[in-house]
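S.K.: One structure, pasted below without further comment.
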Amino acid sequence: MSENLIVPTMAEMMAEGKQPEILFWVGSAGSYDDRAKKITRAFVKILNKANVNFAVLGTEESCTGDVAKRAGNEFLFQMQALMNIELLNAYEVKKIVTCDPHSFNCLKNEYPSLGGKYEVIHHTQFLQQLLKEGRIDFNKETYKGSRITFHDPCYLGRANQEYEAPREVLSQTNAEIVEMKRSKSTALCCGAGGGQMFKEPEKGDMDINVLRTQDALETKPSIIATGCPYCNTMMTDGVKFSEKESKVKVLDIAEIIANAQDL
Amino acid sequence: MSFLPNILFAIILFLGIGFFVKNVKKLIRNIKLGQDIDRTDNSSARWKNMAMIALGQSKMVKRPVAGFLHILVYVGFVIINIEVLEIIIDGLFGTHRVFSVLGGVYNFLIGSFEILALLVVVAVVTFWIRRNIIKIQRFWKPEMKGWPKNDANYILYFEVVLMSLFLLMNAADFHLQHVAGGFGHYHEAGSFPVSQIIAPIFDGMDNSAVFMIERAAWWLHICGILVFLNYLYYSKHLHILLAFPNTYFANLNPYGQFDNLESVTNEVKMMMDPNADPFAAPADPDAVPAKFGASDVQDLNWVQLLNAYTCTECGRCTSSCPANLTGKKLSPRKIMMDTRDRLEEVGKNIDANGGKFVDDGKSLLNDYITPEELWACTTCNACVEECPVNISPLSIIVEMRRYLVMEQSAAPMELNNMMTNIENNGAPWPYSQMDRLNWKNE
Ligand code: SF4
Ligand code: SF4
């Protein structure tokens, strides 16, 4: 059932005296969360297909500390960061790609002043590059006739001003791309950020993910595209809450591409 | 005796400006109660921000109706200042419309002031209707009761009065300029596209009565402006001044980038260094141990305090906040209003105690802002993106969370569990680090 993925670790590469071009930072969600693991696998399939020279840290990877920082625990964050930086620097990592906008933001913006300076790319940006260079292609028939709406993750969009890469990738699918009334810089949060993923929301009239899913459902999509494992969970729950799961799928952009690759 | 009005004018002007300067000094003193933060880098980007956002109103127009009306009032305000300059010179030296030597240019200026004054009235009336009749939601949140609500309306009334006085003054002036055989020093000067329509109401009136009306309107107009100037300090309308420094000193980093506390870096490095001697005396035994995060206004940095004074209470932040939209208690606008209110309270305390703050048993945290509000934030930056004057309510929320977590260990239980997991397993979930690569074979 599970086809074999080629996933070299940094340690293995080092033992062979090799240095990968890119480190794939899997992130905690991508490593442990059942739904997010599928995104990780989809992305690796693409990397394998495009012959990207990459490696992961594997069991040496640890939490970036991002969620601790947003929750206010600067100690824990910096402990994680300094530990990770030591490891990354020991492996002489130059370039990092990740499927998680929170890790992306943290590694890109908050690690440098602690001594971790890397070129950090979000996987939608990387996919955009691979497509541009013609290193991947996919079956354009797969999405003919579907409607896709993209939910901007706060930490990719507003936090780092990346609105185009995911849209450019989606524009290649041959599907109809529809925008929600709140999109790009005015996109509504999925409700998971700032540590909310790990706690019950404060008292209110409804949950944020339900409201955000309403925004998405108003566009009558067949697929809600995401670029963040947490957004994916929140939107999936929102779709279930609206009892639309038979009609609307929530898929990461990596999955959308991988699914059409007949892999 | 004929100098009496000039002297009286000079005294009023002196008092009006003097009181304003006194308040500005207090304002600066209060802002400086904040922690230091360096915002002197990259001055070209900062000037550009100020030009685009404060002067060019680039973020205002994201909501086109309010944005357009606001630009009318704003341009009216800026342009009318040229008129005020003339009024001051006339008042001090007893001249009449000194700038009229500019001839055609002057006619053009006065003409455009009048048209703008009329447009300002139209805009202000629309604003009033939006607030009080259409009741646009963001103006009717719980934090907008009492003073904040009245403050907004007062200024609207004030503007109508000031503009009406201005037009009335011009109308009377126009009338007197055209009295057959001339009247006093009212020589012909200026062009009056709007007020000449009002002028006929003076037809048949005694010239000296019209003169009285002109003088009264003139005095009330300039006194009104001085009152307005001094009202600013007590009002959200302070933004007409502070929007400029506020956009200049605003954060230039990506919104997602939170600062790394240096005090923490030092401690963490010590903890992680196997060679560090845990019993070594700290370098400076008198050093006050750094407080982590913020529980009161003095713990915030001065830019955050400047933000609080600049907030226009427009509620754009709150109307885009996902927590607020779903009925949670958090309102980023309230965070800013609370910060300003507390800062004012601290300032008054300092004034009352001869220049030193005496503990009043209160703090920004709990007395103004509750942990429930703070924990509802998703750190999504929607508020920061929306704010027309580049305020970051989020930065204050994060500082206060830091205090709750690092000084008080008062995070919600689930977050504590999450953090313990990170500490023990290197992941927010309770899974072994050895299982990190399991996805590979599933
Ligand atoms: S960052 Fe926090 S306060 Fe600001 S809009 Fe988002 S949830 Fe609301
Ligand atoms: S913080 Fe900005 S957006 Fe929010 S009320 Fe104040 S001025 Fe308006």
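The values are calculated or read from the model by the stated rules, or taken from the named source; none is laboratory data. This structure is a prediction, so every number in the text was calculated from the model and none was measured. Methodologically, a virtual Cβ is constructed for each residue, glycine included, from the backbone with ideal geometry; neighbour enumeration extends over all protein chains shown.
S.K.: Which of the residues that make up the stretch A:205-218 are surrounded by fewer than 17 Cβ atoms within 10 Å (Cβ to Cβ) and within 7 Å of chain B (Cβ to nearest Cβ)?
M.R.: A:Asp205, A:Met206
S.K.: Considering only residues that are part of a loop (DSSP other than H, G, I, E, B), free of Cβ contacts under 8 Å to residues at least 40 places away in the same chain and under 21 Å from the mean Cα position of the chain (by Cα), which ones fall in the stretch B:124-179?
M.R.: As a first pass, look at the stretch B:124-179 and keep what is part of a loop (DSSP other than H, G, I, E, B): B:133-136, B:141, B:145-146, B:178-179.
Add one more test, that the residue is free of Cβ contacts under 8 Å to residues at least 40 places away in the same chain, and what stays is B:133-136, B:145-146, B:178-179.
Scanning the stretch B:124-179 gives B:Ile136, B:Lys145, B:Gly146.
S.K.: With the structure loaded, tell me whether A:Leu82 is surrounded by fewer than 24 Cβ atoms within 10 Å (Cβ to Cβ) and not assigned by the TED database to the domain that holds A:Gly115 or whether it fails that test.
M.R.: No: the conditions fail for A:Leu82.
S.K.: Take B:Thr379 and tell me if it is without any contact (Cβ under 8 Å) to a residue 24 or more places away in the chain and within 16 Å of ligand 2 (Cβ to nearest atom).
M.R.: yes
S.K.: Another question about this same structure. Quick check on the stretch A:23-31. Is at least one of its residues surrounded by fewer than 24 Cβ atoms within 10 Å (Cβ to Cβ) and part of a helix (DSSP H, G or I)?
M.R.: There is no residue in the stretch A:23-31 that is surrounded by fewer than 24 Cβ atoms within 10 Å (Cβ to Cβ) and part of a helix (DSSP H, G or I).
S.K.: Right, another one. Which of the helices (runs of 4 or more DSSP H) contained wholly in the stretch B:346-432 include at least 1 residues that are away from ligand 1 (no atom under 16 Å from the Cβ) and more than 8 Å from chain A (Cβ to nearest Cβ)?
M.R.: B:364-367, B:413-425
S.K.: Another one. Before we move on, is A:Ala187 over 14 Å from the mean Cα position of the chain (by Cα), closer than 28 Å to A:Glu218 by Cβ and within 16 Å of ligand 1 (Cβ to nearest atom)?
M.R.: yes
S.K.: From B:Gly182, B:Gly224, which residue is in a loop (DSSP other than H, G, I, E, B) and either assigned by the TED database to the domain that holds B:Leu119 or touching a Pro at 6+ places or on another chain (Cβ under 9 Å) (or both)? Write out each step before concluding.
M.R.: Numbers: B:Gly224 fails: in a loop (DSSP other than H, G, I, E, B).
Step by step, each of B:Gly182, B:Gly224 is checked, and only B:Gly182 is in a loop (DSSP other than H, G, I, E, B) and either assigned by the TED database to the domain that holds B:Leu119 or touching a Pro at 6+ places or on another chain (Cβ under 9 Å) (or both).
S.K.: Let me ask something additional. In the stretch B:391-442, how many residues are hydroxyl-bearing (Ser, Thr, Tyr) and over 19 Å from B:Phe258 (Cα atoms)?
M.R.: 4
S.K.: Among the candidates A:Gln78, A:Gln125, single out the residue that is assigned to a helix (DSSP H, G or I), more than 11 Å from chain B (Cβ to nearest Cβ) and under 30 Å from B:Cys377 (Cα atoms).
M.R.: Residue meeting the stated conditions: A:Gln125.
S.K.: Name the residues in the stretch B:320-333 that are within 14 Å of chain A (Cβ to nearest Cβ) and not small (Gly, Ala, Ser), would you?
M.R.: Kept after step one, since they are within 14 Å of chain A (Cβ to nearest Cβ), are these residues of the stretch B:320-333: B:320-332.
Answer for the stretch B:320-333, where residues must be within 14 Å of chain A (Cβ to nearest Cβ) and not small (Gly, Ala, Ser): B:Cys321, B:Pro322, B:Asn324, B:Leu325, B:Thr326, B:Lys328, B:Lys329, B:Leu330, B:Pro332.
S.K.: Can you spot a residue in the stretch B:190-202 that is over 34 Å from the mean Cα position of the chain (by Cα), of a type in the set (Val, Ile, Thr), under 24 Å from B:Val84 (Cβ atoms) and surrounded by 13 or more Cβ atoms within 10 Å (Cβ to Cβ)?
M.R.: Within the stretch B:190-202, one or more residues are over 34 Å from the mean Cα position of the chain (by Cα), of a type in the set (Val, Ile, Thr), under 24 Å from B:Val84 (Cβ atoms) and surrounded by 13 or more Cβ atoms within 10 Å (Cβ to Cβ).
S.K.: Within the stretch A:134-147, does at least one residue satisfy the condition of being in contact with a Ser or Thr (Cβ under 6 Å, 6 or more places away or on another chain) and buried (at least 20 other Cβ atoms within 10 Å of the Cβ)? Give the derivation first.
M.R.: Initially, the stretch A:134-147 is screened for residues in contact with a Ser or Thr (Cβ under 6 Å, 6 or more places away or on another chain), giving A:143, A:146-147.
Add one more test, that the residue is buried (at least 20 other Cβ atoms within 10 Å of the Cβ), and what stays is A:143.
Yes: the stretch A:134-147 contains one or more residues that are in contact with a Ser or Thr (Cβ under 6 Å, 6 or more places away or on another chain) and buried (at least 20 other Cβ atoms within 10 Å of the Cβ).
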